Amino acid sequence: MRKYAIGAVVSGALAVSALAAPSASATTPDLSFSNVVVNKGKAIVVGTSAVVNVPVTFTLAHPVGLVLNNLSDAPVTEGTASIAGIALYRGTTLAKAVNEMEPDNAPKCTPTATTATTVTESCTEILAVDPENYLYEAADAGTWKVAALYGRVSLGSDDDGNHVSFDYGYDMWGVPGTAQVKRAARLTADAGPEPVKKGGTLTVKGKLTRADWNSATYTGFKGQPAALQFKAKGATAYKTVKTVTSGTAGALTTTVKASAAGTYRFTFAGTTTTGTATATGDYIDVK
């Protein structure tokens, strides 16, 4: 049986944007997606460069005899390969989607129940969220919706190998579920002077920044509350001392009375579009 390295072609075929709003193919099988959980129910927090691998679990029901998720980057034999999985999109509807994310590889599914007509499977996939490829502006932070996808690729050739036929179909439709995408935040903390006399004034400075996907840098986050926390020498837990609001370029500055040696840090609880952050503690010796 002749084989072709069609992985790259297939990837392109299955990466058709929801912006195209393809109509259902006549060959689309009867598929049902349910129980979709993205990133274990937690927000997807993304910085400016690192890829975030997001686990997605779902239940898939399909007709008996239908072979799904046999798609790979390796060469495949002539015939049909297909994929059924979960994607995320941002927009009011799929037809008006302004951005979307799809899995790079086929989900892994395990049958959990079979009837005379239907196979039900428990599936897991990974959405590799690369900010350079998927996130472009501040508006991409927020609520994304869930879509199901089905892709089919057929490949064949004449016996003499001088004619190759390639055909594909692609469908997406909205299913219940959402996911929160947030911009990663960073915090710093620096206390001084060091050492300081007991009862003396200690100045704690820091900076709150967050990912700017447009410029691929971290920029200052102004007007946000950050908690100044202190852990005394020998203690096991931090206690909040006061709340400080970030200023221009995300700058944080405040003063406290030095009562004992210990470590100071800032923490940020995050917002609906920005993740949490905790600064590395700065130890101060009190004489």
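Just so you know, all these numbers are worked out from the coordinates, no wet-lab data involved. It should be emphasised that the depicted structure is a prediction, and the values quoted were computed from it without experimental measurement. Counting neighbours? That spans all protein chains shown, and the Cβs are built from the backbone with ideal geometry, glycine included.
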Considering each residue of segment 259-273, count those that are surrounded by fewer than 22 Cβ atoms within 10 Å (Cβ to Cβ) and either within 23 Å of residue 213 (Cβ to Cβ) or hydrophobic (A, V, I, L, M, F, W, C) (or both), and give that number. 7
Considering each residue of segment 176-213, count those that are within 17 Å of the chain's Cα centre (by Cα) and part of a loop (DSSP other than H, G, I, E, B), and give that number. 2
Just need a number here: residues in segment 84-109 that are among the β-branched types (Val, Ile, Thr) and under 22 Å from residue 28 (Cβ atoms). 2
Count, please, the residues in segment 199-208 that happen to be crowded, with 20+ Cβ neighbours inside 10 Å and of a type in the set (Val, Ile, Thr). 1
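Just give me the residues in segment 214-249 being assigned to a loop (DSSP other than H, G, I, E, B) and buried (at least 16 other Cβ atoms within 10 Å of the Cβ), in sequence order.
Passing the criteria: 221, 224, 238, 246.
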Does residue 115 qualify as being touching a Ser or Thr at 6+ places or on another chain (Cβ under 8 Å) and of a type outside the set (Phe, Trp, Tyr)? no
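Residue-by-condition table, conditions (1) assigned to a strand (DSSP E or B); (2) of a type in the set (Lys, Arg); (3) surrounded by fewer than 20 Cβ atoms within 10 Å (Cβ to Cβ):
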{"site": "144", "(1), (2), (3)": "yes, no, no"}
{"site": "149", "(1), (2), (3)": "yes, no, no"}
{"site": "160", "(1), (2), (3)": "no, no, yes"}
{"site": "167", "(1), (2), (3)": "yes, no, yes"}
{"site": "174", "(1), (2), (3)": "yes, no, yes"}
